[in-house]
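The next block holds one structure in the form of structure tokens; read it before the comments.
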């Protein structure tokens, strides 16, 4: 675990485009402005957002379920519909949008009520985690057209969930308590049926400040970009038979 700095509100998102060195900061859970840094090092050295490029999108974003991949920002708009926006960060324009065919307006994670849908973009495409009754569902979307290709019921409960991340088609749901204690991966769903929650060990995160408002996995670095009570944190992960563990910090 590496604590980079403290920047912004208790809730937010920071994430890195896996296809570049650029890092993006979304402060809060509802706004139309985000901040682009050229690297993690630049963000770490910056006083606030002084070194960042300010980007204003035409349609405000909602929650903490944003994703950035290959020069595009994917986010759920602040509207009456569950609308996914695909925004071209290079041209500064909306490339596409789609309304998700989902009626449930409950939060996907009970402990983060502002986030209705959590988007994940990676080498396999675009994923959407969304609520379905008491559990979390998963949808695979075409990253170009935003069409839904397939849907799954993960059977992972929404109750006490705070965030999730996806690695190679496997969903890892992170749980906590209110008031916050120690976060843990307690439910796992694999679209290829190679791993089940019964086989997965209970994985605890190191003790921190509060609760995660977002966890964004970078497949190139095998790191989680976490936002915890305004702190920007990096978790290094180690893979063993598709089961991840939080690596301990190096010995001094």
Residue among 15, 64, 56 with the largest mean-square fluctuation in a Gaussian network model of the chain, springs linking Cα atoms under 10 Å
56
Fewest-first ranking of 228, 70, using other Cβ atoms within 10 Å as the exposure measure:
70, 228
In Å, the Kirkwood hydrodynamic radius of region 160-223 over pairs of distinct alpha carbons?
12.4
Just to confirm my numbers, what's the Cα centroid distance between region 169-228 and region 3-41 in Å?
20
Which of 179, 113, 219 moves most in a GNM of the chain, Cα contacts under 10 Å?
179
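Using the number of other C-beta atoms within 10 angstrom as an exposure proxy, rank 151, 102 with the fewest first. List each step's numbers first, then the result.
Values: 151 15, 102 18.
Lowest to highest Cβ neighbour count: 151, 102.
For a distance above 26 Å, tell me the whole-number percent of Cα pairs in region 1-134 that qualify.
On the way: 1815 of 8911 pairs.
Within region 1-134, distances greater than 26 Å cover 20 percent of Cα pairs.
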Tell me, what is the percent relative contact order of region 123-182, built from C-alpha pairs under 8 Å that lie six or more residues apart?
23
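Run the numbers on region 2-246 and let me know its relative contact order in percent, using alpha-carbon pairs under 8 Å that are six or more apart. Walk me through the intermediate numbers first.
Values: 619 pairs, mean separation 41.0, N = 245.
Across region 2-246, relative contact order equals 17 percent.
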Would you compute the Debye intensity of the chain from its alpha-carbon atoms alone, equal scatterers and no solvent, and pass along log10 I(q)/I(0) at q = 0.16 Å⁻¹ to two decimals?
-1.21
What is the fewest-to-most order of 154, 115 by other Cβ atoms lying within 10 Å of their Cβ?
154, 115
Name the shape class, rounded, prolate or oblate, that the alpha-carbon gyration tensor gives for region 95-243, where a ≥ b ≥ c are the square roots of its eigenvalues, rounded holds for a/c under 1.5, and otherwise prolate holds if a/b is larger than b/c and oblate otherwise.
rounded
For residue 38 and residue 238, FRET efficiency with R0 = 30 Å and r from the beta-carbon atoms, rounded to 0.05?
0.60
Approximate spin-label separation residue 151-residue 204, in nm, with each point projected 7 Å along Cα-to-Cβ
3.8
GNM of the chain, Cα pairs under 10 angstrom: of 211, 67, 139, the biggest fluctuation goes to 139
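Values in this text are rule-based calculations from the coordinates and carry no lab data. Just so we're clear, the structure is a prediction, and the values are computed from it rather than from any experiment. Glycine gets a Cβ as well: all are built from the backbone with ideal geometry, and neighbour counts include every protein chain shown.
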